[in-house]
1. Do we have any residue at all in region 452-468 that's closer than 22 Å to residue 324 by Cβ and at pLDDT 85 or above?
2. Within region 224-251, can you find the residues that are small (Gly, Ala, Ser) and modelled with pLDDT of 90 or more?
3. Do the conditions hold for residue 308, that is, is it part of a helix (DSSP H, G or I), open to solvent by less than 20 Å² (accessible area, probe 1.4 Å) and either charged (D, E, K, R) or more than 23 Å from residue 408 (Cα to Cα) (or both)?
4. When you scan region 8-26, do you find a residue that is closer than 23 Å to residue 413 by Cα, outside any helix (DSSP H, G or I) and in contact (Cβ under 8 Å) with a residue 60 or more places away in the chain, even just one?
5. Evaluate the following for residue 370: is it open to solvent by 10 Å² or more (accessible area, probe 1.4 Å), over 23 Å from residue 455 (Cα atoms) and in contact with a Pro (Cβ under 6 Å, 6 or more places away or on another chain)?
6. Determine which member of the set 7, 66, 37, 75 is modelled with pLDDT of 90 or more, at negative phi and of a type in the set (D, E, K, R).
7. Search region 308-339 for residues being at pLDDT 80 or above and among the polar types (S, T, N, Q), and hand back the single one that is nearest to residue 147 (Cα to Cα).
Amino acid sequence: MEKHPLRWWALAVCVLAVLVDMIDNQIVAVALPTIHRHLGAGEAAMQWISAGYALGFALTLIIGGRLGDRYGVKRLFLAGMAVFTLASLSAGLAPEPGLLVASRVVQGIGSGLMVPQVLSFIHTEFDEAERPKAMGLYAGAFPLGGLAGPLLGGVLTEADLFGSGWRAIFLVNIPIGVAGLLGALVAMPSRPGLPRHRLDLGGLALLTATGFAVFYPLVQGRASGWPLWSVLLMAAAAPLAGLFAVHQRRQERRGGEPLVPPALMRTRSLWSSQAVLVCTQTAIGVFFMLTLYLQLGLGFSPVRAALSFAPGTIGIVAGNAVAMWSAARTGRSFVTVMAAVLAASLASLALVIHAAGDNLSVWELLGPIIVFSFGIGGVLNASFGTAMGQIRPQQAGAASGLVNTTAQLGQAAGTALFGTVFFSLLPGHGYRSAVVGTIMLSMGVTLLALLLTAALPRRQRAGDGAPAADPGTSSAPA
């Protein structure tokens, strides 16, 4: 294939899209207390505003790459960027919490359409000599976005530009989105898709229904007093998941393209690492509650709260670096140690918050947050490498999509689960006891991850490293 003359400019547009996705995944956390005060967003709405983006992203991500294969990378990238930009405008102008929640979900859908196209673009447009540099630029967007997201959210919220307040965190996406659309139109090559790729829409519908049956009652049930419908809907998740599994096996037997190929889930390295991954990603959700505690409980400003989490990026980068050097050599034991580090850091965080009381400072949070982020960076990188260790090359795309979808669903689950626990404890115990109790529950989830590491293979295969997966799942806690 002839090299496209503007491929590096097109890559810059792709990296911008990934950066915006990472920032938007993080930017809302420190603005939530301000949204709560100014828009009247209730407790459940705050959970949805945070989790809705990850949920929309996850459910679209699993099919986004295949849509690009079918209709063309450029076409899907443009569609995703357009959806993301319009949803950002809707979020920035939202007059009430319901529209803001819906806009956040649609933002996630837009990202789920455009982000998978970036790796496809790099794979098809750059040869083996150029690809390491292209991948380096792509990977660099993730720690940068993880650092910039909370800080930008705090600065924009507190600056109150032109009286926009919290709305600026969404409206800032408009000029970026327009620039991305124009840049992609000019620089990205138009390559035809492969219509032979079939889409498993039935599987997507069943997967979405399963997710709805879990997340909706988990968030709304507590606010409504746990009515019978919430219990029945959550109970329906198990049979829906069973129907999804049956449908996937039927698709495979008929020679179709299931969303989650059953053959993959029979691979020990994949299913065991997925179990560890979903627990560790769920644990990250506790930092949503910590953000609320710092601002609503202790009166931190948005910028001060953001600065509390910023050092987490250092830990993420360090954990990733250590995992790249040692995870393949030490295998399962490395993941076990990192899971133990996560549990210890959360215990330390709970002790610091309990002991400091109303005098808690940013400096006291520094150690636990860096250590937790280090553990997350290490365990996620190693889990990705283990997940792909026994995967055949022709299965790599489907496996990578599955791993990233699991990670995003784990993040959404953490926000929903810990938010429900935090807001249940809050009325009778106050902010400090509520956040400490939630952190201890998160520690329990990381201990479960530690136990599940026993099912991992002892070693990654020789030569295996981190897969071609989305490093964005290793984002700094915010």
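1. Yes, there is a match, as at least one residue in region 452-468 is closer than 22 Å to residue 324 by Cβ and at pLDDT 85 or above.
2. Residues satisfying the conditions are 230, 235, 236, 237, 238, 241, 242, 245.
3. Values: part of a helix (DSSP H, G or I): yes; open to solvent by less than 20 Å² (accessible area, probe 1.4 Å): yes; either charged (D, E, K, R) or more than 23 Å from residue 408 (Cα to Cα) (or both): yes.
Against the criterion (part of a helix (DSSP H, G or I), open to solvent by less than 20 Å² (accessible area, probe 1.4 Å) and either charged (D, E, K, R) or more than 23 Å from residue 408 (Cα to Cα) (or both)), residue 308 qualifies.
4. no
5. yes
6. Values: 7 fails: modelled with pLDDT of 90 or more; 66 fails: modelled with pLDDT of 90 or more; 37 fails: modelled with pLDDT of 90 or more.
Of the residues listed, the single one that is modelled with pLDDT of 90 or more, at negative phi and of a type in the set (D, E, K, R) is 75.
7. 313
So that you can scan it fast, the table gives a plain yes or no per residue for (1) more than 30 Å from residue 376 (Cβ to Cβ); (2) among the hydroxyl-bearing types (Ser, Thr, Tyr); (3) open to solvent by 10 Å² or more (accessible area, probe 1.4 Å); (4) touching a helix residue (DSSP H, G or I) at 6+ places or on another chain (Cβ under 7 Å):
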position: 131; (1), (2), (3), (4): no, no, yes, yes
position: 136; (1), (2), (3), (4): no, no, yes, no
position: 147; (1), (2), (3), (4): no, no, yes, yes
position: 161; (1), (2), (3), (4): yes, no, yes, yes
position: 175; (1), (2), (3), (4): yes, no, yes, no
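The values are calculated or read from the model by the stated rules, or taken from the named source; none is laboratory data. Nothing here was measured: the structure is a model prediction, and the numbers come from that model. Note that we place each Cβ from the backbone using ideal geometry, even for glycine, and neighbour counts take in every protein chain shown. When the accessible area is computed, the model is the full protein with side chains, heavy atoms only, and any ligands, DNA or RNA have been set aside. Shrake-Rupley method; radii C 1.70, N 1.55, O 1.52, S 1.80 Å.
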